[in-house]
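A quick write-up on the structure given underneath.
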Amino acid sequence: MRLGGPVFGETSNPDNWAEAVKNHGYSAAYCPVNSESDEATIDAYIDAAKKADIVIAEVGAWSNPISIDDT
């Protein structure tokens, strides 16, 4: 089992993000990028996670199933 949670600190690039995850004692983390990120950025975070043995365990995909708003 891996432990993950919110990461605070300098996380603006993949290496800093991976270091912050490890400094918090985690080996799992929320996805550090969003759906608007370009493929090179996504790949860089994936590579940093692999190098640091971090599992990206959760991605943002929130919706309200009872909302009448279809957008």
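Within the set of other residues whose C-beta is less than 14 Å from the C-beta of residue 49, count the net charge using Lys and Arg as +1 and Asp and Glu as -1. Mind showing how you got there, number by number?
Working: positive: 2, 22, 50, 51; negative: 15, 19, 43, 47, 53, 58.
After counting each charged neighbour, the total is -2.
Among 57, 23, 37, whose Cα projects farthest towards the positive end of the dipole of the chain, with charges put on the beta-carbon of Lys, Arg (+1) and Asp, Glu (-1)?
Toward the positive end, the furthest listed residue is 23.
In what order do 22, 50 fall by count of nearby beta-carbon atoms within 10 Å, going from fewest to most? Display every interim value, and only then the final one.
Values: 22 15, 50 12.
If I rank by nearby Cβ atoms, fewest first, I get 50, 22.
Sort 7, 55 by Cβ crowding within 10 Å, fewest neighbours at the top. Intermediate values should be presented prior to the final figure.
Working: 7 20, 55 13.
By the 10 Å Cβ count, ascending: 55, 7.
How long, wide and thick is the chain, going by the Cα atoms along their three principal axes, in whole angstroms, largest first?
42, 29, 21
Evaluate the distance, in nm, between pseudo-label points positioned 7 Å from the Cα of residue 52 and of residue 66 along their respective Cα→Cβ axes.
Between residue 52 and residue 66, the label points sit 3.8 nm apart.
Since every read-out is calculated from the coordinates, none of them should be taken as a lab result. Because the structure is predicted, anything quoted here is derived from the model rather than measured. Quick reminder, even Gly has a Cβ in these numbers, built from the backbone with ideal geometry, and neighbours come from all protein chains shown.
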